[in-house]
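Everything on this sheet refers to the single structure shown next.
The values are calculated or read from the model by the stated rules, or taken from the named source; none is laboratory data. Remember, predicted model here, so these are calculated numbers, not experimental data. Virtual Cβ from ideal backbone geometry, glycine too; neighbours counted across all protein chains shown. Surface areas here come from the heavy atoms of the whole protein model, side chains and all, with no ligands, DNA or RNA. Shrake-Rupley method; radii C 1.70, N 1.55, O 1.52, S 1.80 Å.
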Amino acid sequence: MTCWTMANGIVISKNLERCTEGCILDLPLHEILKDVSLLALGCNQNLEIAREVGYVVGMIARSYGYRYVVFGTMDVLDPLDPDPLGKISRSPYISSQVIINLADGLVNSGVLPILRASGKISQDLVKTLISRKAIYPVFVEEPSLAYELERLGYKATFVFPDGSIKGRLPVIETLLEVDLSEVENVRRKALSGAVVLLGRSSEKIHINKPFEKSGVLIFSDEDWLLELAKQVLQGVRSPTGRLP
């Protein structure tokens, strides 16, 4: 039987607004770095972009006073998923690599990553993370998820929605100044690297609709990205992304 010892509560914010040091930012990735979802990272041929995204997301969070950021997912993409942007890939191996790269980028920026566990948990993804020694603090919606992760061997600090904690959250000490100069460059790099050709039987451009069968999938409606998608449909540019 697990013994729950709760530390002092910590403030968890679901808005990107100024916070005192020590708060946790809990927002979907695409609401921190506009349009760059977890799924967009999973659809990139270059999974290393996730490390750059993690770094600039960490810098954005630090610019508002945060030192902790909830990130990622412990589930894989399902064709019936009501929130596909919150998943990375059908593959637990691609999902784990994106999680590790995102976490590395966050740490490099001076932010402690806290892995999100909500809804379902993929045992294959959890086992892959364990095998790669990718153990991070986990934000869990309810105690049953923490029990399930512990049963699978994922021994970590757990943070709950009320701000209570099982374990301890360290603080990453950094002398890095907050630098937002690369945010837009990395954002565009991530979006342009996830232009996915779903099939040529349709000339439609789909935005954030990964389960369409044909056309081109992109993750923003900005004009410059729509133009890239048109060029892929016309065959004058190669697609840059992988199928979700």
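Descriptive notes on the structure:
- Residue satisfying all of: in segment 203-235; touching a helix residue (DSSP H, G or I) at 6+ places or on another chain (Cβ under 9 Å) and more than 15 Å from Asp35 (Cα to Cα); surrounded by the fewest Cβ atoms within 10 Å (Cβ to Cβ) among these: Glu203
- Scanning segment 115-158 for residues that are more than 13 Å from Thr73 (Cβ to Cβ) and assigned to a strand (DSSP E or B) turns up just one, Phe158.
- Candidate set from segment 28-61 (those that are in a helix (DSSP H, G or I) and open to solvent by 30 Å² or more (accessible area, probe 1.4 Å)); member that is nearest to Ile10 (Cα to Cα): Glu31
- Breaking point among (1) open to solvent by 30 Å² or more (accessible area, probe 1.4 Å); (2) hydrophobic (A, V, I, L, M, F, W, C); (3) farther than 24 Å from Leu180 by Cβ; (4) modelled with pLDDT of 95 or more, for Val107: (3)
- Pairs meeting the criteria (first residue in segment 165-181 and closer than 22 Å to Glu142 by Cα, second residue open to solvent by 70 Å² or more (accessible area, probe 1.4 Å), beta carbons under 7 Å, at least 6 apart or on different chains) are Ile165/Met6; Lys166/Thr5; Lys166/Met6.
- Selection within segment 137-157 - in contact (Cβ under 8 Å) with a residue 40 or more places away in the chain and closer than 17 Å to Pro92 by Cα: Leu149
- Scanning segment 137-156 for residues that are within 12 Å of Gln123 (Cα to Cα) and not hydrophobic (A, V, I, L, M, F, W, C), we see that the one that is farthest from the chain's Cα centre (by Cα) is Arg151.
- Checked against the criterion of being in a helix (DSSP H, G or I), in contact with a strand residue (DSSP E or B) (Cβ under 9 Å, 6 or more places away or on another chain) and open to solvent by 10 Å² or more (accessible area, probe 1.4 Å), segment 76-87 has at least one qualifying residue.
- Counting only residues that are touching a residue at least 12 places away in the same chain (Cβ under 8 Å) and not hydroxyl-bearing (Ser, Thr, Tyr), segment 79-91 holds 7 of them.
- Annotation note: Cβ proximity below 7 Å between a residue of segment 50-68 that is within 12 Å of Leu29 (Cα to Cα) and a residue that is among the polar types (S, T, N, Q) (sequence gap 6+ or interchain) occurs for Ala50/Asn101; Gly54/Asn101; Gly58/Ser109.
- For Tyr66: the one exception among (1) in contact with a Cys (Cβ under 9 Å, 6 or more places away or on another chain); (2) under 23 Å from Val195 (Cβ atoms): (2)
- When segment 12-27 is limited to residues that are out of contact with any helix residue (DSSP H, G or I) (no Cβ under 7 Å at 6 or more places or on another chain) and open to solvent by less than 10 Å² (accessible area, probe 1.4 Å), the one that is nearest to Ala190 (Cα to Cα) turns out to be Asp26.
- Of the residues making up segment 159-187, those that are outside any loop (DSSP other than H, G, I, E, B) and surrounded by fewer than 13 Cβ atoms within 10 Å (Cβ to Cβ) are Glu184, Asn185.
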